[in-house]
1. Within region 69-89, does at least one residue satisfy the condition of being at pLDDT below 80, within 30 Å of A35 (Cβ to Cβ) and loosely packed, with under 13 Cβ neighbours inside 10 Å?
2. Name the residue, out of L21, L51, that is at pLDDT below 75 and part of a helix (DSSP H, G or I).
3. In region 28-43, is there at least one residue being modelled with pLDDT of 80 or more, in contact with a helix residue (DSSP H, G or I) (Cβ under 8 Å, 6 or more places away or on another chain) and β-branched (V, I, T)?
Amino acid sequence: MNKSQLKSFLFMLILATVQTLFAQDVLPAGLQSTADQIQGIFTGPIVTVILVCCLAGCGIAYAYNKNNEDMKKKVIAVVVGIIIIGTAKEIVGAIFRAAK
């Protein structure tokens with residue numbers, strides 16, 4: 001077996017092992033409440049306020065550094081990160097709704 005075949009085999013083996021996790025509720029009841037609490041931390045109002053402040057700061061930085069290409073790249077990367085963090089719950093929910 002060469003390296004690419006071994007990588008493909010390992011990927012398929014992992015995929016076959018992990019697929020059964022999606023067919024059932026993986027977390028027991030005690031861990032489910034802990035998972036809900038962790039999700040609440042990342043989707044709660046405090047994080048929303050922090051993300052809004054970061055987005056406003058990115059807007060200000062972009063407005064004052066229009067000619068600085070390096071700064072533009074950094075601001076755009078931060079904005080994309082903020083968008084992903086802010087919409088992570090909806091993105092994951094849409095993926096799992098589509099999978100059903």
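1. Checking region 69-89: at least one residue is at pLDDT below 80, within 30 Å of A35 (Cβ to Cβ) and loosely packed, with under 13 Cβ neighbours inside 10 Å.
2. Numbers: L51 fails: at pLDDT below 75.
Of the residues listed, the single one that is at pLDDT below 75 and part of a helix (DSSP H, G or I) is L21.
3. Taking region 28-43 as the starting set, the residues that turn out to be modelled with pLDDT of 80 or more are none.
The answer is no; no qualifying residue exists.
The values are calculated or read from the model by the stated rules, or taken from the named source; none is laboratory data. Values in this document were obtained by computation on a predicted structure and should not be read as measured data. Neighbour counts run over all protein chains shown; Cβ positions are idealised from the backbone, glycine included.
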